[in-house]
Amino acid sequence: MDLKPKIGIDNLKFGMTQKDILEILGIPNRKRIDEDDDEQILLEYNRLKLRLTFYLNEGNRLGYLRTNNVNLTFNGYKIIGTKIDIAKKMIFGSLINEWEIDEYDFFITHSNDKFWLTLHEEFGEVIAVELGVTFSDEENYNWPT
């Protein structure tokens with residue numbers, strides 16, 4: 001699985017519809033409405049350790065993803081299970097040099113809004129990655145073409 005900042009993951013591209021995704025990945029293991037936002041539909045694929053979020057108010061398009069898949073790569077490097085400092089410097093260093101860090105009780109997040117990318121850290125290692133469609137301005141998404 002190749003992470004493509006501002007675009008998506010592998011052949012899944014931000015802006016695709018649920019129908020597009022179902023044709024590629026098949027039926028999800030779980031489909032639900034986001035309990036915090038009823039304008040978002042979540043599809044979960046257990047075998048891929050992948051959760052996809054579709055924005056109903058944006059034409060039911062893929063706008064966000066989260067994965068814990070150990071085969072996730074960027075520039076040929078595996079991300080999940082990598083020490084956070086190595087991930088930030090060696091894997092994403094050529095792309096991102098500023099990270100916003102938030103600490104919670106049991107995990108830490110390292111985020112960059114320009115690329116709408118978040119690395120989740122536990123015990124010094126990346127345990128999950130979140131990636132979203134970026135914004136072209138305060139109100140509009142920058143859907144990839």
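All of the numbers you see were taken from the coordinates with simple rules; none came from a lab. Computed from a predicted structure; not experimentally measured. Every residue, glycine among them, receives a Cβ derived from its backbone with ideal geometry; neighbour counts consider all protein chains shown.
Using a Gaussian network model of the chain in which every pair of alpha carbons under 10 angstrom is joined by a spring, one finds that among Asp36, Asp105, Asp113 the greatest mean-square fluctuation is at Asp105.
Label sites at Asp2 and Glu39, each approximated as a point 7 angstrom past Cα along Cα to Cβ, lie 3.4 nm apart. The loop-placed trypsin sites (Lys or Arg not before Pro) in region 41-70, going by DSSP, that have at most 13 neighbouring Cβ atoms within 10 Å of their Cβ come out as Arg47.
Once the mean of 1/r is taken over each pair of separate Cα atoms and inverted, region 1-78 shows a Kirkwood hydrodynamic radius of 12.7 Å.
When the GluC sites (Glu not before Pro) in region 38-145 are filtered for DSSP coil states and for at most 15 other beta-carbon atoms within 10 Å of their beta-carbon, the remaining sites are Glu98, Glu138, Glu139. In summary, the lysines within cross-link reach of Lys4, defined as a Cα separation below 22 angstrom excluding same-chain residues under 8 places away, comprise Lys13, Lys19, Lys49, Lys78, Lys83, Lys88, Lys89, Lys114. Counting pairs of alpha carbon atoms under 8 Å apart in space and at least six apart in sequence, what relative contact order in percent does region 3-132 give? Dividing the mean separation by the residue count of region 3-132 yields 20 percent. By the helix-only formula, in which each DSSP H run with n ≥ 4 contributes -39500 (n - 2.57) and the sum is divided by residues, the chain has a 222 nm mean residue ellipticity of -1500 deg cm²/dmol.
Full extension of the chain between Glu125 and Asn71 yields a length gain of 17.9 nm, computed as 0.36 nm times the residue separation minus the alpha carbon distance.
With the simple spin-label model, which puts each label point 7 Å out from Cα in the Cβ direction, the Arg30 to Asn140 separation comes to 3.6 nm.
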